[in-house]
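Heads up: the structure comes next, in structure tokens.
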Amino acid sequence: MLYSLRHLHHDQTQPVIVFLHGLLGSSDDWKQAQSYLSDYSGILIDLPGHGLSALESCTDIRHCCNQISDTILTHVAPHQPIVLLGYSLGGRMAMSGVANGYFSSLNIQLLIIEGGNFGLKQASDKQCRLENDRQWADRFRHESIAQVLNDWYQQAVFSSLNHEQRQKLIAKRSANLGPAIANMLEATSLAKQDYILDALKQSGVKTHYICGEKDNKFSQLAKRSGLSFSQVAGAGHNVHLEQPQAFASIVKTQLNSL
């Protein structure tokens, strides 16, 4: 069972927000944003290989989704409305679970995705991504994690970070276990994910996308997706850390529309 932190109110007719963090993160990443959402019930989950679930592992995306579902069901009644809120890797797991029916035992009413990738269409792109993820996984297994993270946060998707922000992230993420991160990176690689946007739209679950205005790649994905989306000023790839109050305001607006 995955580690989870719960903040539940007694009214089971109200939705529960389930927070799913990104690669190298943990449930702790949501603290600031969640403080603005304390009027709502929440479950914050540490994904396999991360935080207090560092010794848990998954074999593939479906297995990870099953672990998430099982963890949620230890806290909520089967009929209780669920809002899945996922960032990056957590967003991909949330979308994959809905698009592929892995969360069929949950009453999911809303998906809010922050910087999540819908998947790759071309086999050549998938092969390239798989090789890239394997190279990173090999480094996480065999090198000093601080050294690997120094290079990790030089990737284009993190280009909006300044030097101070980058150093803070490296220090914070260095608590991770390199081999555990490597296993999760390979098991849930984007190369192993189906292109799920069409299935997501057909799922019947309302989906809203959040991206930072400085995050060009994911802003373009959001604009082309046909989904409703919000772009947050002054934020890069990680909106909920950089602009937690603005992020929470968007989440509240979506919850009020249910």
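The values are calculated or read from the model by the stated rules, or taken from the named source; none is laboratory data. Worth saying up front: this structure is predicted, and the values here are computed from it rather than measured. We place every Cβ from the backbone using ideal geometry, glycine too, and count neighbours over all the protein chains shown.
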- Query: Which residues, counting only those in region 85-118, are of a type in the set (S, T, N, Q) and surrounded by fewer than 24 Cβ atoms within 10 Å (Cβ to Cβ)?
  - Reply: Ser88, Asn100, Ser104, Ser105, Asn107, Gln109, Asn117
- Message: Could you tell me how many of the residues in region 22-45 are free of Cβ contacts under 8 Å to residues at least 24 places away in the same chain and in contact with a Gly (Cβ under 8 Å, 6 or more places away or on another chain)?
- Response: 1
- Message: Residues that are touching a residue at least 40 places away in the same chain (Cβ under 8 Å) and assigned to a strand (DSSP E or B): does region 91-102 have at least one?
- Response: no
- Message: Against the condition touching a residue at least 24 places away in the same chain (Cβ under 8 Å) and assigned by TED's automatic domain parsing to the domain that holds Glu213, how does Leu161 come out, does it pass?
- Response: no
- Would region 60-75 turn up any residue that is outside any loop (DSSP other than H, G, I, E, B), touching a strand residue (DSSP E or B) at 6+ places or on another chain (Cβ under 7 Å) and not hydrophobic (A, V, I, L, M, F, W, C)? yes
- Item | Check on Ser144, within 18 Å of the chain's Cα centre (by Cα) and either at pLDDT 95 or above or not aromatic (Phe, Trp, Tyr) (or both) | no
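Take the residues of region 220-258 that are of a type outside the set (A, V, I, L, M, F, W, C) and within 16 Å of the chain's Cα centre (by Cα): which is farthest from Phe158 (Cα to Cα)?
Here the residue is Pro244.
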- Message: Of all residues being more than 15 Å from Trp152 (Cα to Cα) and in contact with a helix residue (DSSP H, G or I) (Cβ under 7 Å, 6 or more places away or on another chain) in region 171-186, which is surrounded by the most Cβ atoms within 10 Å (Cβ to Cβ)? Just the residue, please.
- Response: Glu186
- Message: Among the listed residues Ser203, Ser228, Ser249, identify the single one that is over 29 Å from Glu56 (Cα atoms) and either modelled with pLDDT under 95 or buried (at least 17 other Cβ atoms within 10 Å of the Cβ) (or both).
- Response: Ser203
- Query: For region 119-137, which residues satisfy the criterion of being surrounded by fewer than 13 Cβ atoms within 10 Å (Cβ to Cβ) and of a type in the set (D, E, K, R)?
  - Reply: Lys121, Glu131
